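The values are calculated or read from the model by the stated rules, or taken from the named source; none is laboratory data. Quick caveat, the model's predicted, so the values are computed rather than measured. Ideal geometry is used to build each Cβ from the backbone, glycine not excepted, and the neighbour counts take in all protein chains shown. To get the accessible areas, we keep the full protein, side chains included, count just its heavy atoms, and leave off ligands, DNA and RNA. Shrake-Rupley method; radii C 1.70, N 1.55, O 1.52, S 1.80 Å.
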Amino acid sequence: MAVISRDPTDKDSPVHDPLLPWLRSIKKSLDALNSSDHGGTDLDELISNCIWTFKTDGRYRNDVRFLKIWFLHMDASPDFESIFREMEQNQMCVNNSVLYESYALFLEATGKLTDALVVYQLGISRNAEPLERLKKAKALFYDRMSEIVNACSLEKKGDTDSIENDKSCINPWSISIVKDLLRKMHSEISKYDGYHSSTKAYSGKVALSSLQKSARNKVVEIGGKKYQIKGCAGQGGFAQVFKAYVNSNPDDVVALKIQKPAFPWEFYIYRQLDKRIPDKERSSFGCAHRVLLCSDYSILVCDYLSHGTLQVAHPQDAINSSVVIGEFMEEVLCMYYTIEMLYMLETLHSAGLVHGDFKPDNLLIRYPRDDLTEDGFRDRTGPWLDQGLCLVDWGRGIDLSLFPDKTEFKGDCRTSGFRCVEMQENKPWTFQASVDTYGLCVIVHMMLHNSYMEIDKKSSSDGGYLYLPKSSFKRYWQVDLWKNLFTKLLNANPSENHKELLKNLRESFQDYICSNPSLIKKLKQLLVKQRTSLCSA
């Protein structure tokens, strides 16, 4: 590869950083791969040559950029375990938690769960930094494994839960209850637009199990349309999400959620959103175009949003991108996203729906085509209507209309850091004091403090008690607003008007921002800066 000569005082010069031209070439090849039918052969060769050139170079032993090149190599290889061994031999970022977290996800995706756990434990034993992130990743891994174990044990036992058997306290995520509801509504669901089903196993030319390793340009067919996969956009214990072009058209991009075993419930919830959410608010809740249900897999076709999420675990996401703006996310930006989430739950719960998995990595960022204006902020008109958040991943969605009035629930979301107080204390919960409102509080805490929320149970003046965050608020924040939010949502009373509570909290933040025109101007600037940060990442 030719090295371009530059001013030796230039810090970005290849003279100082021989890896830089390779990174640029790989990025250029990746961009070409994502915008054409290019097969990726040159990219694989380029990555291999880059690794061969620098793998013994001590300057890049702890360079995360080079680590990402190794993972691209691993993703394209059928023998990724031997690549990891080679990384270990070359001491490649062995003190960085990203090495262990990423490799464990590779192993989990291929069903090697014990090996994945060993890798998490190996990284923790080496005190890989940031250690807390790795420990949380391991805890989330345990949560996903608990889901699998519980699902298997429930199927073996027959999972006898039913709405008829227990009308006062129901687990809405029980396998038998979900199956029972789907069975009763099958004739209705099968008539929904975009519904495709088969009693046989998926018979496409591409084996869906092969997508776990490398999925570049492989084609999945659903209902007469061909979806050309361009890369993996995310994965969990049961499903993987891929970016794909419809009929090889780079201007028509969707997300394919491939799940085993087949899971039609999410498609049902999406169609309920279509029916119940007003058109003005519909873009805040994701969209499913179609689903293919087979005996072994389900494939859900959804909108694809490319601007990142509110999660903290990835540098391209909004809370982490606040590093570009300051040490913590600016308070007015925290307020804006708090308003968006309050409005979202106000709309959703009024429609009789609960998300059930309300966390930052399920909240995608939306941006408008046109520049934001000074007006339109409060009533969300003009470009402000397209600016905001989009809530996705409805696999744990709850349709309250399918349960008796005033139902109390007993299910545990099993998502580390997002289990509401009632779940933590093994008590029944309601949709008013649910995983959604608790999740909102955790997200707000993460935006303000850049850490997960821990709560204290404190005695109140009336002889009862209150749940409040342990973390204190900075003196220069609008402390009364934030205290009111956490106090009201963490101690919600099911007998109160839930919609009115969310509305009042939302308007308290809106009133503050609208009271000072300079705050809206600052908010606009921060959103533009954040968008630039996310897109460049």
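Against the condition acidic (Asp, Glu) and in contact (Cβ under 8 Å) with a residue 60 or more places away in the chain, how does Glu340 come out, does it pass?
When the stated conditions are applied, Glu340 does not pass them.
Would you please name the residue that is least open to solvent (accessible area, probe 1.4 Å), looking only at residues in the range 363-374 that are in contact with a Phe, Trp or Tyr (Cβ under 9 Å, 6 or more places away or on another chain) and at pLDDT below 90?
Pro368
Condition first: touching a Ser or Thr at 6+ places or on another chain (Cβ under 8 Å), at pLDDT below 95 and not in a loop (DSSP other than H, G, I, E, B). Now tell me which residues in the range 329-353 satisfy that.
Hit for the range 329-353 is Leu333, nothing else.
Here is a list: Asp296, Asp251. Which entry is in contact (Cβ under 8 Å) with a residue 60 or more places away in the chain and not in a helix (DSSP H, G or I)?
On the way: Asp251 fails: in contact (Cβ under 8 Å) with a residue 60 or more places away in the chain.
Of Asp296, Asp251, the one residue that is in contact (Cβ under 8 Å) with a residue 60 or more places away in the chain and not in a helix (DSSP H, G or I) is Asp296.
Looking at Phe409, Phe418, Phe403, can you tell me which residue is within 26 Å of Lys257 (Cα to Cα), of a type in the set (Phe, Trp, Tyr) and out of contact with any His (no Cβ under 8 Å at 6 or more places or on another chain)?
Result of the check over Phe409, Phe418, Phe403: Phe418.
Can you tell me which residue in the range 460-474 is nearest to the chain's Cα centre (by Cα), limited to those that are among the polar types (S, T, N, Q) and modelled with pLDDT of 85 or more?
Filtering first and then ranking leaves Ser471.
Does Asn484 satisfy the criteria of being open to solvent by 40 Å² or more (accessible area, probe 1.4 Å) and over 23 Å from Gly417 (Cα atoms)?
Values: open to solvent by 40 Å² or more (accessible area, probe 1.4 Å): yes; over 23 Å from Gly417 (Cα atoms): no.
In short, no.
Given Val444, Val479, which one is without any contact (Cβ under 8 Å) to a residue 40 or more places away in the chain and either touching a His at 6+ places or on another chain (Cβ under 9 Å) or open to solvent by less than 40 Å² (accessible area, probe 1.4 Å) (or both)?
Going through Val444, Val479 in turn, just one is without any contact (Cβ under 8 Å) to a residue 40 or more places away in the chain and either touching a His at 6+ places or on another chain (Cβ under 9 Å) or open to solvent by less than 40 Å² (accessible area, probe 1.4 Å) (or both): Val479.
Quick test for you: out of Ser162, Ser168, pick the one residue that is of a type in the set (Ser, Thr, Tyr), farther than 20 Å from Ala262 by Cβ, in contact with a helix residue (DSSP H, G or I) (Cβ under 9 Å, 6 or more places away or on another chain) and modelled with pLDDT under 80.
When all the criteria are applied, what remains is Ser162.
Regarding Ser401, is this residue modelled with pLDDT of 90 or more, among the polar types (S, T, N, Q) and surrounded by fewer than 19 Cβ atoms within 10 Å (Cβ to Cβ)?
Spelling it out, Ser401 is indeed modelled with pLDDT of 90 or more, among the polar types (S, T, N, Q) and surrounded by fewer than 19 Cβ atoms within 10 Å (Cβ to Cβ).
For Asn62, work out the one condition from (1) part of a loop (DSSP other than H, G, I, E, B); (2) open to solvent by 50 Å² or more (accessible area, probe 1.4 Å); (3) at pLDDT below 85 it doesn't fulfil.
(3)
Pick from the range 264-313 the residues that are aliphatic (A, V, I, L, M) and more than 20 Å from the chain's Cα centre (by Cα): which of them is surrounded by the fewest Cβ atoms within 10 Å (Cβ to Cβ)? Before you say what the answer is, go through the steps one by one.
So in the range 264-313, the residues aliphatic (A, V, I, L, M) come out as 269, 273, 277, 288, 291-293, 299-301, 305, 310, 312-313.
Next, from what is left, pick out any that are more than 20 Å from the chain's Cα centre (by Cα): 277, 291-293.
On the way: Ile277: 18, Val291: 27, Leu292: 24, Leu293: 22.
Among them, the one singled out is Ile277.
Would you please name the residue that is most open to solvent (accessible area, probe 1.4 Å), looking only at residues in the range 167-189 that are within 14 Å of Trp265 (Cβ to Cβ) and among the hydroxyl-bearing types (Ser, Thr, Tyr)?
Among them, the one singled out is Ser176.
Go through the residues of the range 498-506 one by one and say whether even a single one is of a type in the set (Lys, Arg), touching a residue at least 24 places away in the same chain (Cβ under 8 Å) and farther than 17 Å from Leu333 by Cβ.
There is at least one residue in the range 498-506 that is of a type in the set (Lys, Arg), touching a residue at least 24 places away in the same chain (Cβ under 8 Å) and farther than 17 Å from Leu333 by Cβ.
Under 7 Å between Cβ atoms, which residue pairs at least 6 apart in sequence (or on different chains) link something in the range 39-60 that is within 22 Å of Val94 (Cβ to Cβ) with a partner that is of a type in the set (A, V, I, L, M) and modelled with pLDDT of 80 or more?
Close Cβ pairs (under 7 Å, with a partner that is of a type in the set (A, V, I, L, M) and modelled with pLDDT of 80 or more) amount to Ile47/Ile26; Ile47/Ile69; Ile47/Leu72; Cys50/Ile26; Cys50/Ile69; Ile51/Ile69; Phe54/Leu19; Tyr60/Leu19.
Which is open to solvent by 50 Å² or more (accessible area, probe 1.4 Å), at pLDDT below 75 and of a type outside the set (Lys, Arg), of Ser77, Ser13, Ser5, Ser36?
On the way: Ser77 fails: open to solvent by 50 Å² or more (accessible area, probe 1.4 Å); Ser13 fails: open to solvent by 50 Å² or more (accessible area, probe 1.4 Å); Ser36 fails: open to solvent by 50 Å² or more (accessible area, probe 1.4 Å).
The conditions single out Ser5.
So, in the range 117-141, exactly how many residues are farther than 15 Å from Tyr452 by Cα and crowded, with 18+ Cβ neighbours inside 10 Å?
Residues that pass the stated criteria total 6.
So Tyr438 fits all but one of (1) over 21 Å from Asn497 (Cβ atoms); (2) surrounded by 16 or more Cβ atoms within 10 Å (Cβ to Cβ); what number is the exception?
(1)
Does the range 229-239 contain any residue that is modelled with pLDDT of 85 or more and open to solvent by 20 Å² or more (accessible area, probe 1.4 Å)?
Scanning the range 229-239 turns up no residue that is modelled with pLDDT of 85 or more and open to solvent by 20 Å² or more (accessible area, probe 1.4 Å).
Can you name the residue in the range 419-450 that is in contact with a strand residue (DSSP E or B) (Cβ under 8 Å, 6 or more places away or on another chain) and in a loop (DSSP other than H, G, I, E, B) and, of all such residues, is farthest from Tyr343 (Cα to Cα)? Full working, then the answer.
So the first thing to find is which residues in the range 419-450 are in contact with a strand residue (DSSP E or B) (Cβ under 8 Å, 6 or more places away or on another chain), and the list is 420-423, 428-431, 434-436, 441, 443, 445.
Then drop every residue that is not in a loop (DSSP other than H, G, I, E, B), which leaves 420, 428, 430-431, 434.
Numbers: Cys420: 20, Pro428: 25, Thr430: 19, Phe431: 16, Ser434: 16 Å.
Checked the range 419-450; the qualifying residue farthest from Tyr343 (Cα to Cα) is Pro428.
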